[in-house]
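One structure is given below, encoded as structure tokens.
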Amino acid sequence: MPTYDDFGLAPGAPRAGFVSSDTRTVFGQVMGLVALTVGCTALGAYIGRNLSGGTGILFFIGAFACIIGLNVATGSGREQLATGLLFGMGLFIGLAVAPVIAYYAKANPSAVWQAAGATAAFVAALGSFGYATRRDLSSWARTLFWALLALIVFGVVALFVSIPHANVIYCVLGLVIFGGFTIFDFNRLRRANTANAVPIAAGIFLDIFNVFLLLLRLFGGSGGRG
């Protein structure tokens with residue numbers, strides 16, 4: 001017979017359509033972790049503002065290692081380690097994109113603020129929808145994964161083949177895909193327990209980060225992909 005794991009639920013997790021006080025507690029915990037991770041990213045972007053662009057790949061590798069590590073730590077019940085790796089991921093990502101942010105801040109500072117404001121509105125709107133809906137959106141995972149893979153392939157092809165308005169197409173498609181991820185991750189948050197807080201916080205943070213970079217490319221009119 002089906003178990004809690006079959007439905008992605010832990011014992012005591014709320015059923016679809018019901019938001020308990022425990023769920024609200026998890027929501028506050030996750031959003032607090034997201035806010036702190038964003039702060040770590042901002043710190044990294046400030047510290048690394050004078051770094052060369054070539055060092056970014058090393059910091060992205062470090063961030064990827066932190067993502068793997070926090071999932072392993074969560075699986076073994078080491079919550080404090082997972083939380084530390086989450087903040088480390090945010091710091092590494094900030095260092096990785098620091099030269100890009102510094103470029104826009106100098107060449108077109110209004111684009112940075114416009115992207116930040118639009119990101120907040122975008123994530124708030126779609127996140128609210130995902131959290132409020134009673135439907136379990138777990139089935140979206142595979143479609144979103146393949147859509148993201150297709151976007152990456154398009155981005156690589158656009159580097160070598162001249163495609164009219166490739167940057168705008170890439171950014172718009174990216175926003176659609178990460179909009180879907182935002183809805184999906186906030187829907188997961190509705191059904192989460194404290195054991196899943198760190199991985200879900202990491203997912204929501206990455207949604208915010210990618211949406212911000214895509215909007216920055218749109219408002220800035222150019223720039224590389226983060």
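The values are calculated or read from the model by the stated rules, or taken from the named source; none is laboratory data. As the structure is a computational prediction, the values presented were derived from the model and not from experiment. Heads up, the Cβs are rebuilt from the backbone with ideal geometry, glycines too, and the neighbour counts pull from every protein chain shown. All accessible areas refer to the heavy atoms of the entire protein, side chains included, with ligands and DNA or RNA removed. Shrake-Rupley method; radii C 1.70, N 1.55, O 1.52, S 1.80 Å.
In the range 106-119, the qualifying residues are those that are of a type outside the set (S, T, N, Q) and surrounded by fewer than 16 Cβ atoms within 10 Å (Cβ to Cβ), and the one that is nearest to the chain's Cα centre (by Cα) is ALA116. Of the candidates LEU36, LEU43, LEU58, LEU51, the single residue that is aliphatic (A, V, I, L, M), modelled with pLDDT under 95, open to solvent by 60 Å² or more (accessible area, probe 1.4 Å) and not in a loop (DSSP other than H, G, I, E, B) is LEU58. Applying the set (1) without any contact (Cβ under 8 Å) to a residue 12 or more places away in the chain; (2) closer than 28 Å to GLY75 by Cβ to VAL153 leaves exactly one unmet item: (2). Report whether or not ASN196 is assigned to a helix (DSSP H, G or I), within 24 Å of PHE87 (Cβ to Cβ) and open to solvent by 40 Å² or more (accessible area, probe 1.4 Å). Yes, satisfied. Of all the residues in the range 102-158, those that are of a type in the set (S, T, N, Q) and over 14 Å from PHE184 (Cβ atoms) number 4. Test GLY226 against the criterion of being among the small types (Gly, Ala, Ser), touching a Phe, Trp or Tyr at 6+ places or on another chain (Cβ under 8 Å), surrounded by fewer than 23 Cβ atoms within 10 Å (Cβ to Cβ) and at pLDDT below 95, and give yes or no. So GLY226 fits the description; yes.
Return yes when LEU81 is farther than 20 Å from LEU173 by Cα, touching a helix residue (DSSP H, G or I) at 6+ places or on another chain (Cβ under 6 Å), part of a helix (DSSP H, G or I) and open to solvent by 70 Å² or more (accessible area, probe 1.4 Å) and no when it is not. Judged against the criteria, LEU81 is a match. A residue that is open to solvent by less than 30 Å² (accessible area, probe 1.4 Å), in contact with a Leu (Cβ under 8 Å, 6 or more places away or on another chain) and among the hydrophobic types (A, V, I, L, M, F, W, C) cannot be found anywhere in the range 120-137. Of all residues in the range 61-76, those that are open to solvent by 60 Å² or more (accessible area, probe 1.4 Å) and more than 18 Å from the chain's Cα centre (by Cα) total 3. All conditions but one from (1) in contact with a Phe, Trp or Tyr (Cβ under 6 Å, 6 or more places away or on another chain); (2) open to solvent by 50 Å² or more (accessible area, probe 1.4 Å) apply to LEU149; the one that does not is (1).
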